[in-house]
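Every number in this text was worked out from the coordinates using simple rules, so none of it is lab data. Note that the coordinates shown come from a computational prediction; the quantities given were computed from them, not determined experimentally. Heads up, the Cβs are rebuilt from the backbone with ideal geometry, glycines too, and the neighbour counts pull from every protein chain shown.
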C-alpha cells in the first residue's frame, strides 16, 4: 500500500471522517477570509450577477383612445377585415383586455392596458384586432391576452402564444 493512502486511512480511523477531510485542506491564518485565498484566486470580490433581462412590452398596439378593433369599432378607414362576435351573450359583453409579451423562457413583460369596455349590443366572444394588420407587437416573442370584467378587477388569460395582432376573445 502506498504511504499517502496508509496515512489517510490511519487518520480516518483515528479521527473519524472529519480528520480525513481536514487533511486535504489548507489551514487558514487569522484574518484570512474565504475570498481570495487559495491558489489561482485574484483576491477580488465576485461580480454581482447581472440583473435579469426584462421582456419588452407590446409595441404598435392601437392607442387606448382608438380602442381595440371589433365589430362595433371597425372604422372603414384602416379596416382590414370583418371582425365578428361569435355568440349572442344575452347582455352587454363589457369586457376589458390587457396584453403582455412572453419570451422563449416564459418570462413575461409588464401588461399594457386596460382596453375597454368592449361591447356590441348583446353579442359576446368577439374577434378582436389590437394592432394594425402586419404588426408583430412582441417581435420574436409571443403575445398573451388577458380579459377581465372590470377595469381594475382581476384578469384571466384567454390567449397565449399569439404571434400576430388578432384573436378571438
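For residue 131, the criteria (1) without any contact (Cβ under 8 Å) to a residue 40 or more places away in the chain; (2) within 19 Å of residue 70 (Cβ to Cβ) hold in every case but one, which is (1). Return yes when residue 124 is more than 17 Å from residue 162 (Cβ to Cβ), without any contact (Cβ under 8 Å) to a residue 60 or more places away in the chain, touching a strand residue (DSSP E or B) at 6+ places or on another chain (Cβ under 9 Å) and part of a strand (DSSP E or B) and no when it is not. Yes.
Working only within segment 62-95, note down all residues that are in contact with a strand residue (DSSP E or B) (Cβ under 6 Å, 6 or more places away or on another chain) and under 18 Å from residue 162 (Cα atoms). Those that are in contact with a strand residue (DSSP E or B) (Cβ under 6 Å, 6 or more places away or on another chain) and under 18 Å from residue 162 (Cα atoms): 68, 69, 70, 83.
Which one is surrounded by the fewest Cβ atoms within 10 Å (Cβ to Cβ) among residues in segment 149-169 that are over 20 Å from the mean Cα position of the chain (by Cα) and closer than 17 Å to residue 69 by Cα? Here the residue is 168. Scanning segment 127-143 for residues that are under 24 Å from residue 89 (Cα atoms) and outside any loop (DSSP other than H, G, I, E, B) yields 127, 128, 129. Note on segment 75-121: enclosed strands (runs of 3 or more DSSP E) holding 3 or more residues that are surrounded by 13 or more Cβ atoms within 10 Å (Cβ to Cβ) are 95-102, 112-118.
Every test in (1) within 22 Å of the chain's Cα centre (by Cα); (2) surrounded by fewer than 19 Cβ atoms within 10 Å (Cβ to Cβ); (3) closer than 16 Å to residue 70 by Cβ is passed by residue 136 save one, and that test is (3).
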